[in-house]
Structures are given as C-alpha cells and as structure tokens.
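Just below is one structure, and these are the notes that go with it.
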Amino acid sequence: MTRSADECRLLSATLVARLALATTMICLGWLGAIGGPAAASGVKVATIATEIVQVHVESKTDIRFRRISLSQGLSQTRVSQIVQDNQGYLWFGTQHGVNRYDGYGFQVFKHVAEDLDSLSGTFIYALFKDRSGTIWVGSDQFLDAFDSATGKFRHYQVDKSNPTVIHISQDKSNHLWLSTSQGLYQLDPVTGETKRFGSDPANPDGLSSNDIKSTGEDSTGLFWVANGAGLEAFDPLTGQVSIRIPLRQEVREFKFHEDAHGTFWIAFGSGSGFATYDRKLNQLTRYSFSSSTSDGSLSGVYDILETTNGDIWFATMGSGLLRFDRDNFQFDSYQNDPTDPQSLAENRAIAVFEDNEGNIWTGLHASPPNMFPRNPSPFRRLWPFPGHVDKLGESLVNTVFEDSKGDVWLGAGGALNRISADGKRLEVFNPAGANTSTEVLAITEDSSGIIWIGTLGVGLISYDRSTGHFTSYRYAPARTDWLSSDVVTRIYIDPSGTFWLTTWNGLQKFDRESSRFTTFKRDPSASAETYFSIVPDNNGDLWLGTTTGLVKFVIRTSAFTTYKHEPGNPSSLSNNTVNSIYIDNGTIWVGTQNGLNRFKVETGKFEAFYSRDGLAGNVVSCILGDSDRLWMSTNRGISSMNAHDKSFVNFSSVDGLPGDDLTGWNACARGAQDVLYFGGFAGATARKSKVIEHDDFVPSVVFTDLQAGDSTRAFVPSVDPEKPPQPVVLLYDASHINVSFAALSFRSPESTKYRYRLAGLDSNWHPLNADQRSISYATLPTGKFELIVQAATGRGSWSSPGASLQIEVLPPWWRTTWFYTVSAALVLAGLGSTYRYHIRSVAADYNIRLEERINERNRVARELHDTLLQSFQGLIFRMQAVRQMLPTRPKEAADILDSILERSDEAIVEGRNAIQSLREANLTDVDLSQAIRSIGEILSAESRATPRPRYRHHVTGDPMDLSPKIREEAHRIVGEALRNAFKHSGATLIECVIQYSISGLSIRVRDDGAGIGPAIRGGSAGHWGIAGMKERAAKIGGNLIIESGSGQGTTIELVLKSHEKGPLFSR
C-alpha cells in the first residue's frame, strides 16, 4: 500500500519520529528474546515513535456557532452521541435518555417503568443508525432498536451477563458489532443471534483484551478492534489478530478513522490525543496540540469527523474543535471566547457530527450542543473584535468606514476604533481625551488623508494620522458662522471639497479654508432641527433623512421640499423617520423605521415594501447598492433585494452575522473591491462576495402532532420516509383538526418558510412563518381531503411534493352510502307500490266511470223508452187512427190531428232535454252554480206548462272550487231534480238554493207543485230518476234528502260534508 501525501508530511514534520524507529526495533528484539507474543506468532506489532510531535495550531474566529438551549426541551446537558435518521430527525444521546430533534423542540425517549415498549435504560452510551435506517441505542440496561413504524423499542440482551454496549458498528455483511467491557459481540439484526469474541490466554494470536472500546472496517475491508491493550486488526472468521498497535488506553474514547486521502488517524481521549499509522512501515506517530499534556490526562481527542467536503474535525477535551488544514498543514482551532456569544460554548468537545444539510454538530462536556454550517460564511465579523473587551459591555456599532489604506474604522464602545486591513490588529482611540467615552456617529476621509469624525455631543473632530493629533470643532452659542450643534450625524464631502454636515440643529456647509459654517434650516426660528442622513443626487441636490419625513435641499436656491407620510394614502412615504437614502439611476430608495420605499420623483409617489413582501425586517437602517441589487441592514438581519423583480434574499446570524439586529445609527459603507460593511446593535460585519448563494438543500417536512376530534396523538416517523402517515378519519360532529409540522432544516429554523393547502377544499397556497407551524380547521365538511405542506429554507426551493396527510370526514349516518342505498331501495319500493296503487285506483276509477256511463246510458235509454219512444209510439197509433177516420169522420180526425201536433211538440222537448243532459257531462271549466242556473233558466224557458213556472236561483256563502268528481256528480243530481220539477211537479215556482260553508256544501231544489208519493221518493221500480240521484250522492259521500207531501210541493236537498269521503274542495 502506498503512503499518502499527508502521511509523508506528518512523518517529515519531525526527525525525532524517524530516529525512534531503531530504538523501537531494539525493544521488539528484546520482546522476541524473552519469548513474548510477538515472537510466538506471525502477528505484526507496530512500532511506536517515542517522541510526540507538536503540531502547529492556528486560532480562528471565522465560524459563528449556534447554541442549542435547554429551554427547547433537551432532557440533559451533556450530549455524547449524535446521529440522524432517514427522515432527517437528529438524535442526541444524553445521560438522561435519547432526544429526537426537529429544529424547534425535542421529543425525549427514556425508560418508563410501566411501559415495556419504552427505552430499556436512561444513561446512553452508544447511538447508531444501521444501513436499513434502524436506530440502535446502547444504554445502562440493554441494547434497544427503535421501531419507527410503531414508535416502540425492541430490547436485546447480549448475553446473561448483560454487558453495557458503549459502541456499535456495522460490517460489510451487515452484522452489528457491539463493544463492551466484557468482550466483543457480533449481532445478526435479522435473527437477533449474538456471538462473543474475547481474549483467550490459550490463543496468543487472538484479541489482547476484553475491554472493547470501538470497532470498524478500513477501506480494504480489514476489521479493526480498539481495546484496552491497543488497536488490533482482527479476523472474525478465524479469531486471529494480524496487526497489533500497542497503544494502551483506559478511557472509553478510543477509535480510528481512515480519511479519503488514505491517512489512518487514531484518536484517544487521554494524553496527546491522536496519532497516525503508516501501514507500509507498520509505524505509529503520535501528535499533540499542547506541550503541557501528560499520558494520563483527559486532554485528548474524543471524536473524529470527515465531512463531505473533505475537512477533518477533531473534538478535543480542552482544545475545543480542531480542523485539519491540509493546504497549510496545520490545525485551525475554534475555542470559547467569553466576549463572543457566537463562539464555541466551551473548550471540551466530546462528539462531532455532520447532518445531511451540511451542518456540523458538536456535543460538549458541560454545555448543550453547538452547531455551525460546514461551508464558510460570506460574512466576516468585524465587531465584537476577538479578545477585545468592550468597556461599555455592548456590541453597538454606530458607524463604519474603510479608508484609502484598507483599514476599517468603527465608532463603537465609546471610542474610535481602527482594524488593520488584514483584520488581525485593533487600535482604540479616544478623540475627546484619555478615559473619556466618545460616541462616534460618522467617519469619513478627505483627499489629504485626514479622518473626520462626527460625534454625539463632542462636535466635529479631525484626526491627522501622520501626527496623531485631534482637532475639535464645538458648538459656540455666540457665533452664527460656527457649528450649530455638537451632535454631527453625517459628513459628506462634495466633489469640490465642500463639507456638508447633518446635525441636530440643521444642515451645515463647512468651508475649511475660512473655517466658517453656514446653517440651513427649514424653520430658521426653530431651536432644533434634526437630520440623520445625507445623499447627493445626479443634479447635485441633497436628499436628507429626518424624523419628519424625506427632505430635498436644492443647493442653488437653498430651498427645502418635504415628503411626509399621509395616513390613508398608500402612495405616500411609509414612515416619517427616514434612516437612510440611496439613489440609483434617478430612483430614490428610502429606508424608514417602518418599511423600504421606492420614490419616483417625476410622479411624487412612493411604493413601500415590508416583511410581508420578503423584507427581513421592517426597520430599514442603512442601504447600499451593488450592481442590480440593494443591500440593507434591518432589525432582523440583512436583506438583499433584486430591484427588477422585487424579490428578497435574507441573511441572519446563522449566515455569519454577529446578530440579527443591525439597526442603530444607520451604519453601512462601501469599501474597495466591492466590500460591503454593515453595523448596528449586534456589531459589525463585512461581505466581499456579490454572488448570492442559492441553498440547494430541500428540507423534508414531517408532521409532529395531531389533534383531531376528541383525540391527540404524536406522529411516529415512518420506516419509509416516502410513505405518508396513516389517514385521519373524523366523525362529522367532531371534524375540528389541528396539525403541527416541522421542516427538518437545522441551519436557521426561524427563517424557514412554510406554505400549505387543503386539496379538496381550496386550491391556493397559504404562506406561514416558522413560528406558525400548525394548521387548524374548526369545522370541515364531509368528504376526503389531502393536507399538503411544503417548506423552503431562506434561500432555497420549495420542497415538492411536500408532506401530505389524508383526511376523511365521515358523513352522518343519514348521509352515508348505505343509508342512501337503503333509502333509494325504499323509495323505489314505495314508488312501485304507489304506481301499482295508482294503476289499481285508475282501473277502479275507470270501472266506476264506465259503470256510471253504462248506468247513464241505461237511464237515458229508460228515459227515451218511458218518454220519447212511448210518445212517438202513441203518436203513431193516433196517426193510424186519423188515417182511418179521414174518409168518414174528417172533423173528428182533424181534432185528433191537432192533438198529435201538440204531443209532437212535447216529444221534441223531451228529446232536447235528454240531449241537454248528455251535453252537461263535462264541467271542467264551468262554475257549478252557473251551470245549475243555466239548466234552470233553459228548463223554465222551454216549459209549455200553463202557467209557465218561474225559476229563482240563490247562492249564499263564499263560492269555492269543488273537486272535479264532486262537481260533476252534484251537477247531475241537481240537474235531474230540476228536470223532474219542471216536468212533473206542475209547480208555478221552482227555486234552487246553493249554500257554501266551512262545514261543506248544501244544494236545495224546491217547488210548490203537487208533490210526489212515498213510493216514488223511495226510488221504486220504474222510477229510475230518484234511485239514480241517491246512487250518485252516495258515491261522492253525500246525503240526498227528499221532503214532499201531496199538494205541498217537493224539496230535494244534497248535503256534502268536508269530512266525508275524499276531498270536497280542490284547494
């Protein structure tokens, strides 16, 4: 095997390591002489250089660490194991359970006495994810495997002695290897069977110790076991050791790592901490970060990590985090800085891990975990300056400026501060005198290299770097041509060399040659007129920021124009406190205390942008331009805006900012090589690159909690991350639901964006902030829905398709399919029965009608037979008699002939009456009263009785429509009664009285004629009229009453009650 370049460079770092080889060989020869294990077998024993190589360590501060807080729910401070499952959750092993982290909070798994499916122990020694995605936990009780399908733990007892598993690895055959203090165990995760390997005095070529620290395979597939006697290459099939590296360790932290360059690193928690092994030379070289360590001290390396970009990180017990710099062959050290809350929380690091987003996590000895992004930040911290203690105990930077030499000047900490161009040296000045604080608000440089300073309360100061001399200009009440205020907020030097100052008492022009100041104010009589910023436009006019709006000052005319916020006018300035101004190609950008504004001078209208439009924070402190982008500091970090499409990209402390609040005195500046500087309450930062980095990481979204109906449950991660959770089924009267979720992005969870929609109910996406990670629906309609949630990092793309949850709201039983089916069947059965009943009814009605028609025809036939036909028959007999009498008795024949003619007229009337009765059968569109009146009047007009009977017709009550059947039958009955009266009664007065009432209908036909006998009233044989009338009355549920006496007239009354058979009225 060839030696790697790194190994060569490490070995060449000291000649001592090379010279020690001869001494080691002598030792090995001595071992062979006394018959030691090396001499008794073919095991290769590595040589160990006697001298420890001291490596160069460079202190670095270019990483911003993010500290996890116990307030988020972490069960215990000390995290010694970190893994990430297939869904993206992070798992932390502590001394009080396992914690699963989603970026916002922790779910703690620990032993629960009454729950047999809970974690078997509490103190966690090992945490491992195998190739199938199963999380294995070694605790102070048993070995456990987390079943992600059920959220339960399966328990494995290694053997009867039940040793504690302190490390887990997996070989190429997928067997798990369990490191314990009582031997090495091989576990088949499928069958649960175990096999023990340990030290055997009878086998000198076997493992040297039962105290197993860790195991693993190298790039060649060789299996290595770290134990109390050293690191050994072990063949499980033969039980033999082929290589021994006699590096005795008592501490648990003992492991190796072969990196992508072939360097074989060995880390151990005591003494110097790490070494490299040259397999070609079979030689071990030890290294140390500190000359003060001893072999027994716990100051070594507890963990090693090779990141996806090739960096090698070491978690050390006292030296913080170390990164191996291959290019410069040194180690970069990141340690705690008490003055910097974004430094590593402490210097004793015990675990290091990289997640799938590229974040590096470190577990600490006595502090919660810390995290930082793997890739370097585009922002460089300027203030707080490393190692510098601010005498005011604050981080506020009032102003920032880069001079012509590349040095950066800051107004911070009550002083004037200069940071060298290389960023390594800080020099502090006190312009107002030693031990005197000076709030520096503005810094600039004139053409001669003089530094000019605007202050809060000490006026205007100049600093000559060549002499180190400060010159002050202070307010003088008695002079009108002098500085008008000791508060100078901004300094602008125009192309002619004229100074323009914004103060708390007007705008001032300063002529250096004459040392005279000219004051310009909107209100000359005002005792104070505050200005904060000053920017020239292309015409040479000045735009000023004030607390009363945006002000334009025309130098030529000394005229002021003010633009203010107008309540109710969205086209006006969004806020009157103008912090900063930037002018780009005639467009004026205005940063206010509430929103960013774009001002078109030609229209006089403002367009405002807020956080809802993508701006990081609504307080816009300072604005800079960079090509087609705007950069602005806000109260929630830095925003970069594309001026063309009005889109924003935001940066926060996780991107390297000293903090999120960069507001204050509107501090920002542009330096050489397009360096942008920003300052504020959190400190100061610089950014050189103009490229906006797109975040390629797309976080997975998981549902974390569900409250549906009357139940609450936590979601259990699925075995398959692509498999959606089980559907949620709700009852119609308990359809309220609340779902919580999280995007498993840990770099900056608070800047993660969310959106959701409920397919089946709405089609639009609804945006959510990171602090709104739950969705509630008070009442859902019945049906099936799909809740879809997507997430995106601050500069990333939306996760697609996102997390989905099927929701079904069951309908009430009367709206279910089975109910509809049964109801439809019942309806169909009912319709069938109704149809059959209707057919029978129609058939019965038809038969009744047919019977009525037959009866009517029979009646007409009887009428014709009894009247018309008999009359014609009699006429025929008389005419035959007349024919015989004419020859002999002509006079008598003539009398008979006159009688025949009179009888013929009567026969004609009888025939007409019969025809009329047939015509009156259809009364669909005729009122009953009117039809009866018509019959009476016709019968009266055609009567040949002498004297002719009179007819009277009366109607009382409110006429109402009768059902057709009732109307027709009543008409026939009354018509028959009227005909009988006119034909047979011999009456002089016939009347009909129709009476409507709520209870029913009454129709009476009265005459003053001769009356009828009892036999006829009873409908005796041969008198079909009375019998037929009674039959008709009975069919319609009526009652026919006949009252008559000899010589007393006749009354026939038809009485119909509303409660009788069938409906009486049609409405």
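Considering only the stretch 506-527, how many residues are surrounded by fewer than 13 Cβ atoms within 10 Å (Cβ to Cβ) and farther than 24 Å from Ser462 by Cβ? Count: 5. Restricting Val190, Val158 to those that are crowded, with 19+ Cβ neighbours inside 10 Å, assigned by TED's automatic domain parsing to the domain that holds Asp211 and not charged (D, E, K, R) reduces the list to Val158. There is no residue in the stretch 974-989 that is assigned by TED's automatic domain parsing to the domain that holds Arg933, of a type in the set (Val, Ile, Thr), more than 18 Å from Gln930 (Cβ to Cβ) and assigned to a helix (DSSP H, G or I).
Within the stretch 251-265, not a single residue is more than 30 Å from Ser290 (Cα to Cα) and assigned by TED's automatic domain parsing to the domain that holds Gly310.
Need pairs with beta-carbon distance below 7 Å; first residue at negative phi and within the stretch 797-820, second in a loop (DSSP other than H, G, I, E, B) and of a type in the set (S, T, N, Q); sequence gap 6+ or separate chains. Taking only residues 6 or more apart or on different chains, the pairs are Ser799/Ser700; Val809/Ser735; Val809/Thr782; Leu810/Thr782; Pro811/Thr782; Arg815/Thr782. With respect to (1) out of contact with any helix residue (DSSP H, G or I) (no Cβ under 9 Å at 6 or more places or on another chain); (2) outside any strand (DSSP E or B); (3) under 27 Å from Ile491 (Cα atoms), the lone exception for Asp645 is condition (3). Of all the residues in the stretch 77-93, those that are part of a loop (DSSP other than H, G, I, E, B) and of a type outside the set (Lys, Arg) number 6. Lys129 falls short on exactly one of the conditions (1) farther than 21 Å from Ser367 by Cα; (2) modelled with pLDDT under 95; (3) surrounded by fewer than 18 Cβ atoms within 10 Å (Cβ to Cβ); (4) not small (Gly, Ala, Ser), and that condition is (2). Of the residues that sit in the stretch 193-227 and are over 17 Å from His175 (Cβ atoms) and among the hydrophobic types (A, V, I, L, M, F, W, C), which one is surrounded by the fewest Cβ atoms within 10 Å (Cβ to Cβ)? Filtering first and then ranking leaves Ala202.
Selection of the stretch 377-410 for residues being at pLDDT 90 or above, among the hydroxyl-bearing types (Ser, Thr, Tyr), part of a loop (DSSP other than H, G, I, E, B) and closer than 22 Å to Phe651 by Cα yields only Ser395. Considering only residues in the stretch 53-82 that are of a type outside the set (Val, Ile, Thr) and touching a Gly at 6+ places or on another chain (Cβ under 6 Å), the one that is nearest to Gly269 (Cα to Cα) turns out to be Ser80. Only one entry in Gly1009, Gly1019, Gly1000 is among the small types (Gly, Ala, Ser), at positive phi and modelled with pLDDT of 85 or more, namely Gly1000. I'd like to know if the stretch 233-240 contains one or more residues that are within 28 Å of Gln54 (Cβ to Cβ) and crowded, with 19+ Cβ neighbours inside 10 Å. Within the stretch 233-240 (the criterion being within 28 Å of Gln54 (Cβ to Cβ) and crowded, with 19+ Cβ neighbours inside 10 Å), the answer is no, since none of the residues qualifies. Of all residues in the stretch 927-953, none satisfies the criterion of being at pLDDT below 80 and either part of a helix (DSSP H, G or I) or not assigned by TED's automatic domain parsing to the domain that holds Lys983 (or both).
A count restricted to the stretch 462-484 and to residues that are touching a strand residue (DSSP E or B) at 6+ places or on another chain (Cβ under 6 Å) and either under 13 Å from Thr399 (Cβ atoms) or of a type outside the set (Val, Ile, Thr) (or both) stands at 9. Evaluation of Gly230 against the conditions (1) crowded, with 19+ Cβ neighbours inside 10 Å; (2) at negative phi shows that the sole unmet condition is (2).
Does any residue of the stretch 102-115 turn out to be in contact with a strand residue (DSSP E or B) (Cβ under 7 Å, 6 or more places away or on another chain), under 26 Å from Trp224 (Cβ atoms) and modelled with pLDDT of 95 or more? Scanning the stretch 102-115 turns up no residue that is in contact with a strand residue (DSSP E or B) (Cβ under 7 Å, 6 or more places away or on another chain), under 26 Å from Trp224 (Cβ atoms) and modelled with pLDDT of 95 or more.
Scanning the stretch 768-785 for residues that are more than 27 Å from Pro811 (Cβ to Cβ) and of a type in the set (D, E, K, R), which turns out surrounded by the fewest Cβ atoms within 10 Å (Cβ to Cβ)? So the residue we want is Asp771. One residue alone among Gly433, Gly497 is loosely packed, with under 14 Cβ neighbours inside 10 Å, part of a loop (DSSP other than H, G, I, E, B) and in contact (Cβ under 8 Å) with a residue 40 or more places away in the chain, and that residue is Gly497. Checking each residue in the stretch 94-119 for being of a type in the set (Gly, Ala, Ser), surrounded by 20 or more Cβ atoms within 10 Å (Cβ to Cβ) and assigned to a loop (DSSP other than H, G, I, E, B) picks out only Gly103.
Within the stretch 174-222, how many residues turn out to be farther than 18 Å from Tyr125 by Cβ and among the β-branched types (Val, Ile, Thr)? Count: 3. Restricting Ser437, Ser466 to those that are out of contact with any helix residue (DSSP H, G or I) (no Cβ under 7 Å at 6 or more places or on another chain) and under 23 Å from Asn666 (Cα atoms) reduces the list to Ser437.
In the stretch 108-135, the residues that are over 21 Å from Ser169 (Cα atoms) form Cβ pairs under 6 Å with partners that are among the polar types (S, T, N, Q), at six or more places apart or across chains, as follows: Val108/Ser75; Val108/Asn99; Lys110/Thr122; His111/Ser118; His111/Thr122; Val112/Ser118.
The values are calculated or read from the model by the stated rules, or taken from the named source; none is laboratory data. From a predicted model like this one, the values you see are computed outputs, not experimental measurements. Backbone-built Cβ (ideal geometry, glycine too); neighbour counts: all protein chains shown.
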